[in-house]
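*Asks:* Would you mind keeping the following structure in view while I ask a few things?
The values are calculated or read from the model by the stated rules, or taken from the named source; none is laboratory data. Because the structure is a prediction, the values reported are computed rather than measured. Here the Cβ positions follow ideal geometry from the backbone for every residue, glycine too, while neighbour counts run over all protein chains shown.
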Amino acid sequence: MTEPRDLVEEILDAYFDYLEGLGEEPSLDHLSDEQRAEAEQLIASLKAAEGINPEATRPPTAALLARAADRQDTATVSSFGAALQGALRGQLDRRAQVVVDAASQAAGLRAGLVAHVRGLRIRVVVETVRTDIDAAYVAQVPAIAALFGAFPDTNAVLLAALGDSPAGAIVDRDDIVTAIETPSGRRRPPRISRPVMDPVEASVRYVSEVIPAFEPFAYLTADNVATSDGLDVENLVAVATHEIVTSGERARLTAKKTAWTSLGPRETGAITEALHGAIAGNYDEAAFRQQIEALVGVA
């Protein structure tokens with residue numbers, strides 16, 4: 001029995017060949033979201049290892065403190081990622097994933113996380129200190145624009161500030177360009193067009209808006225045919241006919257006025273009989289066509 005191919009392992013083999021100059025850098029486009037996340041993390045680890053110098057001297061205290069702060073920030077981002085994944089899975093897509101954005105980090109870009117939900121990719125730029133989102137956005141526009149440019153499959157970017165009162169907003173591609181204000185015609189700098197709110201809620205609302213979930217359509221089976229019980233067919237037809245006659249009285253075209261105002265008991269009776277038959281399921285396609293032709297003849 002043939003063992004199934006491990007696509008991630010194949011990507012790593014191809015990447016080793018690329019590092020040794022024996023091939024092209026492998027594409028990750030054919031991988032699933034889970035496989036792609038795993039491959040990106042492994043490749044990022046390989047790239048990080050390239051810069052390790054075993055002969056390097058011990059780093060100074062300031063560098064160690066900076067690393068400790070980075071680890072604290074990483075823990076905050078990780079905690080937020082878990083909360084975001086839980087909300088996306090609970091409300092939108094049970095297969096949703098929020099993982100470290102290894103590809104972005106390996107490229108030296110700003111995103112810390114990437115959310116895969118309902119086929120969308122939302123990259124997350126995190127501010128770990130309390131800050132005003134609009135003010136932070138002005139400074140982050142170049143970094144967010146770089147993410148859209150480097151990763152064309154990015155559908156949106158979540159800018160999140162994780163202070164005491166977390167806040168965030170979804171950024172679209174249109175939000176990173178200068179706009180022309182109307183009617184003044186003045187150029188205005190990029191701004192966030194979507195509302196600022198809790199970053200998790202902002203993500204959930206965005207996905208719900210872009211790819212809404214539709215409930216299954218109700219349908220009738222042969223064992224569950226609609227009946228006219230409880231439905232006053234005669235009154236329904238009478239009201240509809242009256243509306244047509246009234247519209248005919250206001251018509252400007254003579255032909256329309258004559259045809260619509262001439263509807264009376266004979267036509268009403270034929271329509272009522274046809275509606276009863278349709279509700280009871282008495283017509284196949286041929287019989288239905290015949291009934292329509294008879295109604296046209298009556299009219």
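*Asks:* Kindly check whether there is at least one residue in region 176-194 that is under 24 Å from the mean Cα position of the chain (by Cα) and acidic (D, E). I'd like the intermediate steps shown before the answer.
*Replies:* Here is the first cut: in region 176-194, the residues under 24 Å from the mean Cα position of the chain (by Cα) are 176-177, 190-194.
This time we only want the ones that are acidic (D, E), so: none.
No; the residues of region 176-194 include none that is under 24 Å from the mean Cα position of the chain (by Cα) and acidic (D, E).
*Asks:* Quickly run through region 187-234 and pick out the residues that are at pLDDT 80 or above and assigned to a loop (DSSP other than H, G, I, E, B).
*Replies:* Selection gives P190, R191, I192, S193, R194, P195, V196, D198, I211, P212.
*Asks:* Which members of region 140-182 meet the condition of being of a type in the set (D, E) and surrounded by 17 or more Cβ atoms within 10 Å (Cβ to Cβ)? Please lay out each step first, then the result.
*Replies:* We begin by selecting, within region 140-182, every residue of a type in the set (D, E); these are 153, 164, 172, 174-175, 181.
Selection gives D175 alone.
*Asks:* Pairs please, first residue from region 179-191 and within 25 Å of G168 (Cα to Cα), second anywhere and part of a strand (DSSP E or B) and aliphatic (A, V, I, L, M), Cβ atoms under 6 Å, 6+ apart in sequence or on different chains.
*Replies:* The qualifying pairs are R188/A179.
*Asks:* Which members of region 177-186 meet the condition of being touching a strand residue (DSSP E or B) at 6+ places or on another chain (Cβ under 7 Å), part of a loop (DSSP other than H, G, I, E, B) and at pLDDT below 80?
*Replies:* Just the residues of region 177-186 that are touching a strand residue (DSSP E or B) at 6+ places or on another chain (Cβ under 7 Å), to begin with: 178-181.
If we keep only those that are part of a loop (DSSP other than H, G, I, E, B) as well, we get 178, 181.
Hit for region 177-186 is E181, nothing else.
*Asks:* Checking the condition among the β-branched types (V, I, T) and at pLDDT 90 or above, which residue from V126, V98 passes? Even if it seems obvious, please write down each step before you answer.
*Replies:* Numbers: V126 fails: at pLDDT 90 or above.
Just one listed residue meets the conditions, V98.
*Asks:* For region 122-165, which residues satisfy the criterion of being more than 23 Å from the chain's Cα centre (by Cα) and in a loop (DSSP other than H, G, I, E, B)?
*Replies:* If the condition is that a residue be more than 23 Å from the chain's Cα centre (by Cα) and in a loop (DSSP other than H, G, I, E, B), then T128, V129, R130, T131, D132, L162, G163, D164, S165 are the ones that fit.
*Asks:* Could you please tell me which pairs satisfy a Cβ distance under 7 Å, a separation of 6+ or placement on different chains, a first residue in region 95-122 that is over 11 Å from A44 (Cβ atoms) and in contact (Cβ under 8 Å) with a residue 24 or more places away in the chain, and a second residue that is part of a loop (DSSP other than H, G, I, E, B) and among the charged types (D, E, K, R)?
*Replies:* Listed pairs, sorted by first residue: A111/D101; G112/D101; L113/D101; V114/D101; V117/D93; R118/D93; R121/D153.
*Asks:* Of the conditions (1) modelled with pLDDT of 80 or more; (2) crowded, with 17+ Cβ neighbours inside 10 Å; (3) in contact with a Leu (Cβ under 9 Å, 6 or more places away or on another chain), R110 clears all except one; give me its number.
*Replies:* (1)
*Asks:* Now, a different point. Taking only pairs six or more apart or across chains, which ones have beta-carbon atoms under 6 Å, a first residue in region 26-51 that is at pLDDT 70 or above, and a second residue that is in a loop (DSSP other than H, G, I, E, B)?
*Replies:* R36/L28; A39/L28
*Asks:* Report whether or not A255 is within 49 Å of the chain's Cα centre (by Cα), more than 21 Å from V233 (Cβ to Cβ) and loosely packed, with under 11 Cβ neighbours inside 10 Å. Spell out the reasoning first.
*Replies:* On the way: within 49 Å of the chain's Cα centre (by Cα): no; more than 21 Å from V233 (Cβ to Cβ): yes; loosely packed, with under 11 Cβ neighbours inside 10 Å: yes.
Criteria not met by A255.
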